[in-house]
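*Asks:* Okay, handing you the structure first.
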Amino acid sequence: MKRQISQGKIMRRNSLIVFVLTILAASASQAAKPTSTVEVARQVDRLLTVETIGQVSIGKLAKASSDDVFLRRVFLDIVGQPPTPNDVLAFALNESETKRVQLVSKLLANSRYGVNWGRYWRDVILYRRSEPRALLAQRALQDFLVKNLNENKTWDKIATSFVTAMGDVREEGSTGLIMAQAGRPEETVAEVSRIFMGIQIQCAQCHDHPTDRWKRQQFHQLAAFFPRVAIRPRRMGTQRTFLVVANDAPRFRRRRNNNNRYRGTMEHYMPNLKDPSSKGAKTQPVFFVTGKKLPYGTKDMARRTTLAKWLSARSNPWFAKALVNRLWSELVGEGFYEPVDDMGPDRQCSAPKTIDYLSNAFADSGYDVKWLFRTIMQTKAYQRQSKPRRNAEGTPYLANCAQRLRGDQILDSLVNVLDLPDNLAGRRGGGRGRRGLRFVFNSTFGYDPSTRRDEIKGSIPQALFLMNSPLLNRSIDARRRGGLGQLLREITNDQELTIELYLKVLAREPSGSEIRTCLSYVREVKKRGEAFEDILWALVNSTEFVHRR
């Protein structure tokens, strides 16, 4: 009996040991693939040190940014406008060790996050449009992006919405990408590849890619997912619009070529370059990254749904890498690959292990976009002081890089710092009509967000707008009921007013020399209102105002 009891105890102990080891193994597995933003951010910094930063003297590494610089940077990066003086004061008085993390979470929960980044992605899609009438879809496209980003729709679902879009381009914002390319299969898949994988496979449309491994046939196999998509014009009373439709029923009439997009074609035909008048070679839908294929005759929605599934699958590493690389470039100032939309296995990467790790962690999060923002913003790389972009021989990521603000961000900053009415800038999109102030402003200050930052320069029209535009002159008038006029009446001490203007425009207090210069100028001019008009004008026209550092 004792021997039987002893064996029972042994069996129970062995079962307990197996149970404990199973729990420990599961814990170890979770520790090996952390999804915690803190742990991932630390590992990213460690990998960067090994791959890039560790190759130089630690003395060249920029220090952590001050609170005022970090505050303005995060506000502009997330919500697209600077903090108010009250925001600056509240952040300065917050003694919590986690106040930077708290600030990032607070701003990501602000609806302005979706507005700022909705406009960013609107520009990514529309700046390279081949169809001028795609601007009819601009408002719906932006509204779609704002809603999905604020709801934190995962990136794979957003991508799927664009790939499988159907409907009226004025109402269904997800149709914006297809409408931007007039529904033409070649242009559409080129943009899908560029935006969602960072791969410019369009260079293989007429010949094998000159610098990448992609073949001409692979490009046309990708286009074969979209031959049945068409853009059909429609008129509702006096309003013109277009419909993104699919045509799965054959039409027994002669079609000129694949670019007649009012009905589409049943299959895609790769043009015969030696005989352009011929129909070309019938081409099967094949996803060039993995080689997965669909049979001829597959219906339109099955083609596009399957492509979206293969595009966003874990087996396609370029899907996660493309967004990681783009957001890293926007937030840190330099991408792992540059330009951000020209990646691929044959392209040079500044830190391949780092982007692989961060991209895998992003995929583990379920393609959670806000998770990616939180993670990058907790890295030391993001929180360092900013410096000008390095030269080609310099070491990357020693500092954050100063970024020129987009047109929307500059306009919203002017609205905030000059206390202008919200409706003046048209908060929701094109301003007062598609050709309103925001549209005009973006035509002057806007740029393609996919462009390398070192290629974005200020222009004479931009300088003239800030220096001489009637809008700006009226806005800084000391006789206004609000804005500067109100501050002049409420703050009678010139030094306090100088500090208030710096906080309002640049989100920081002026240095001692800046205070002395401003006060000396006020005494010299003698007319207080005129003097502070000039000071406010100078701050708005400063390089610091149109950049985030």
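A short reminder: the numbers here are calculations on the coordinates, not readings from a lab. Since the model is a prediction, treat every value here as computed from it, not as a measurement. Cβ atoms come from the backbone with ideal geometry, glycine included; neighbour counts cover every protein chain shown.
*Asks:* For G167, what charge total do you get from the other residues with a beta carbon under 12 Å from its beta carbon, if Lys and Arg give +1 and Asp and Glu give -1? Show your work: numbers first, answer last.
*Replies:* Details: positive: R170, R232, R234; negative: D168, E171, E172.
That works out to 0.
*Asks:* Over the chain, what relative contact order in percent results from Cα pairs under 8 Å that are six or more residues apart?
*Replies:* Working: 836 pairs, mean separation 90.9, N = 549.
In percent, rounded to a whole number, it is 17.
*Asks:* Which lysines does K274 reach when only Cα atoms under 17 Å apart count, and residues fewer than 8 places away in its own chain are ignored?
*Replies:* K282
*Asks:* Rounded to a whole number of µm²/s, how large is the Stokes-Einstein D of the stretch 129-311 at 37 °C and 0.692 mPa s, given Rh as the Kirkwood radius over C-alpha pairs? Present the calculation step by step, with values, prior to reporting the outcome.
*Replies:* Numbers: Rh = 16.8 Å.
For these conditions, the coefficient is 196 µm²/s.
*Asks:* Where in the stretch 470-506 does the amide nitrogen come within less than 13 Å of the point 7 Å from the Cα of L519, taken along Cα to Cβ?
*Replies:* 493-499
*Asks:* Show log10 I(q)/I(0) for the chain at q = 0.06, 0.08, 0.13 Å⁻¹, two decimals, from a solvent-free Debye sum over equal Cα scatterers.
*Replies:* Rounded to two decimals, the profile gives -0.37, -0.62, -1.32.
*Asks:* Please list 116-123, 541-548 highest first by mean number of surrounding beta-carbon atoms within 10 Å per residue. Don't skip to the end; give the middle numbers.
*Replies:* Numbers: 116-123: 22.6, 541-548: 15.8.
Result, highest mean first: 116-123, 541-548.
*Asks:* Can you compute the modelled spin-label distance between K309 and K215, with each label point 7 Å from Cα toward Cβ, in nm?
*Replies:* 2.6 nm
*Asks:* Identify the residues of the stretch 452-482 with backbone N under 18 Å of a label point that sits 7 angstrom from the Cα of D419 along the Cα-to-Cβ direction, or state none.
*Replies:* 472-482
*Asks:* Can you give me the distance in nm between label points at S278 and T492, each placed 7 Å from the Cα along the Cα-to-Cβ direction?
*Replies:* 9.1 nm
*Asks:* Another question about this same structure. Hey, how many Å between the Cα centroid of the stretch 123-169 and the Cα centroid of the stretch 362-414?
*Replies:* The distance from the Cα centre of the stretch 123-169 to that of the stretch 362-414 comes to 23 Å.
*Asks:* Among L411, A134, P227, whose Cα lies farthest out toward the positive end of the dipole of the chain, if unit charges sit on the beta carbon of Lys, Arg (+1) and Asp, Glu (-1)?
*Replies:* Most positive-ward Cα: P227.
*Asks:* Fully extended, how many nm does the chain gain between T238 and S511 (0.36 nm per residue separation, minus their Cα-Cα distance)? Kindly include the intermediate steps, with their values, before the conclusion.
*Replies:* Details: separation 273, 0.36 × 273 = 98.28 nm, distance 5.82 nm.
Residue separation times 0.36 nm, minus the Cα-Cα distance, leaves 92.5 nm.
*Asks:* Within the stretch 322-431, report the GluC sites (Glu not before Pro) that DSSP leaves as loop and that have at most 12 other Cβ atoms within 10 Å.
*Replies:* Details: sites: E330, E334, E393; in loops: E334, E393.
Those satisfying the criteria are E393.
*Asks:* Scaled to the compact-protein estimate 2.2 N^0.38 Å, what is the alpha-carbon radius of gyration of the stretch 405-548, rounded to two decimal places? Let's see the in-between values first.
*Replies:* Values: Rg = 16.0 Å, N = 144, 2.2 N^0.38 = 14.5 Å.
Dividing the Cα radius of gyration by 2.2 N^0.38 Å gives 1.10.
*Asks:* Multiply the residue separation of E530 and Q348 by 0.36 nm, subtract the distance between their alpha-carbon atoms, and state the gained length in nm to one decimal.
*Replies:* Values: separation 182, 0.36 × 182 = 65.52 nm, distance 5.42 nm.
Here the segment from E530 to Q348 would lengthen by 60.1 nm.
*Asks:* Run a plain Debye calculation on the stretch 264-331 (Cα atoms as equal point scatterers, no solvent) and give log10 I(q)/I(0) at q = 0.11, 0.25, 0.26 Å⁻¹, rounded to two decimals, same order as the q list.
*Replies:* -0.42, -1.06, -1.10
*Asks:* Could you order the peptides 270-282, 364-376 from most to least packed, using the average number of other C-beta atoms within 10 Å per residue? Please list the in-between numbers first.
*Replies:* On the way: 270-282: 12.1, 364-376: 20.5.
Going from most to least packed, we get 364-376, 270-282.
*Asks:* Just subtract the alpha-carbon distance of T451 and Y127 from 0.36 nm times their residue separation and send over the number in nm, one decimal. Don't skip to the end; give the middle numbers.
*Replies:* Details: separation 324, 0.36 × 324 = 116.64 nm, distance 1.05 nm.
Taking T451 through Y127 to full extension adds about 115.6 nm, to one decimal.
*Asks:* Output wanted: per-residue J couplings in Hz (rounded whole) for the stretch 486-493, from phi through Karplus 6.51 cos²θ - 1.76 cosθ + 1.60, θ = phi - 60°, x for Gly and Pro.
*Replies:* My calculation for the stretch 486-493 gives 5, 5, 4, 6, 7, 10, 8, 7 Hz in order.
*Asks:* Nearest 20 debye, what's the magnitude of the dipole of the chain about its Cα centre given +1 on Lys and Arg Cβ and -1 on Asp and Glu Cβ?
*Replies:* On the way: 89 positive and 55 negative charges, 470 e Å.
I would put it at about 2260 debye.
*Asks:* Sticking with this structure for a sec: In this model, which of K215/K353; K60/K457; K147/K292; K293/K321 are farther than 29 Å apart at the alpha-carbon?
*Replies:* Working: K215/K353 27 Å; K60/K457 27 Å; K147/K292 33 Å; K293/K321 23 Å.
With Cα atoms farther than 29 Å apart: K147/K292.
*Asks:* With r defined as the distance between the Cβ atoms of N468 and S111 and R0 fixed at 22 Å, what FRET efficiency is calculated, to the nearest 0.05? Write out the running numbers ahead of the final one.
*Replies:* Values: r = 34 Å, r/R0 = 1.56.
That pair, N468 with S111, gives E of 0.05.
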